[in-house]
Amino acid sequence: MQKVRLVRALIFPIFTYAAETWTIKAADRQRIDAFEMWCWRRMLRIPWTARRTNASILRQLKITRRLSTTCLKRILEYFGHTARRDGDNLEKIVVTGKVEGKRPRGRSPIRWSDQIRTALDTKVHTALNVAQSRVKWHKIVQKVVSGRGHDPQQ
């Protein structure tokens, strides 16, 4: 559909600007998915009082990849990009390094590397070694992203 292509080309790039640096929590993922569904409903001119499920709208538009999954893909691709950089550059130090000193009380905040670890289900240092091979890293990213398509239960 032409409208789907317009939304993907004009609205989603503005929304996902610098998404590769985001730390996406579960609540953030729900908000991203809600924004995506709001865009699709506005595009189809479905009133908010209509009882249409998100899954039916996604089926109607033939959407296979959610916006939150696209954000995760960009995060993983950027991680692979920084892991392949030569030497000790600042990006690589930030991703792999530990900060000196004490942190405040309470639960530690979710770090960018934590979401890499949970998405890949492996340690960050292992992911850094695998990311040195662009072909292997691309296959891993595709596998992770394809496993997180749209959920028909939503």
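Key figures
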quantity	calculated
Filtered residues of the stretch 127-137 (kept if closer than 21 Å to residue 23 by Cα and in a helix (DSSP H, G or I))	127, 128, 137
Residue check, residue 61 in contact with a helix residue (DSSP H, G or I) (Cβ under 7 Å, 6 or more places away or on another chain), at pLDDT 95 or above and either surrounded by fewer than 18 Cβ atoms within 10 Å (Cβ to Cβ) or under 20 Å from residue 24 (Cβ atoms) (or both)	yes
Residues within the stretch 1-13 that are more than 16 Å from residue 58 (Cβ to Cβ) and either under 15 Å from the mean Cα position of the chain (by Cα) or not in a helix (DSSP H, G or I) (or both), tallied	1
Candidate set: the stretch 60-91, residues that are without any contact (Cβ under 8 Å) to a residue 12 or more places away in the chain and not in a loop (DSSP other than H, G, I, E, B); chosen: the one farthest from residue 146 (Cα to Cα)	90
Any hit, the stretch 65-75, residues being over 15 Å from the mean Cα position of the chain (by Cα) and within 30 Å of residue 132 (Cα to Cα)	no
Within the stretch 92-126, tally of residues that are more than 15 Å from residue 22 (Cβ to Cβ) and either touching a residue at least 12 places away in the same chain (Cβ under 8 Å) or part of a helix (DSSP H, G or I) (or both)	8
Close pairs from the stretch 24-43: first touching a residue at least 24 places away in the same chain (Cβ under 8 Å) and under 15 Å from residue 12 (Cα atoms), partner small (Gly, Ala, Ser) and crowded, with 16+ Cβ neighbours inside 10 Å, Cβ under 7 Å, at least 6 apart	29/68; 32/68; 33/68
Single residue of 50, 55, 27 found to be surrounded by fewer than 17 Cβ atoms within 10 Å (Cβ to Cβ), of a type in the set (A, V, I, L, M, F, W, C) and either in contact with a strand residue (DSSP E or B) (Cβ under 8 Å, 6 or more places away or on another chain) or not in a helix (DSSP H, G or I) (or both)	50
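The values are calculated or read from the model by the stated rules, or taken from the named source; none is laboratory data. Quick caveat: nothing in here was measured; it's all calculated off a predicted structure. Cβ: placed from backbone, ideal geometry, glycine included. Neighbour counts: every protein chain shown.
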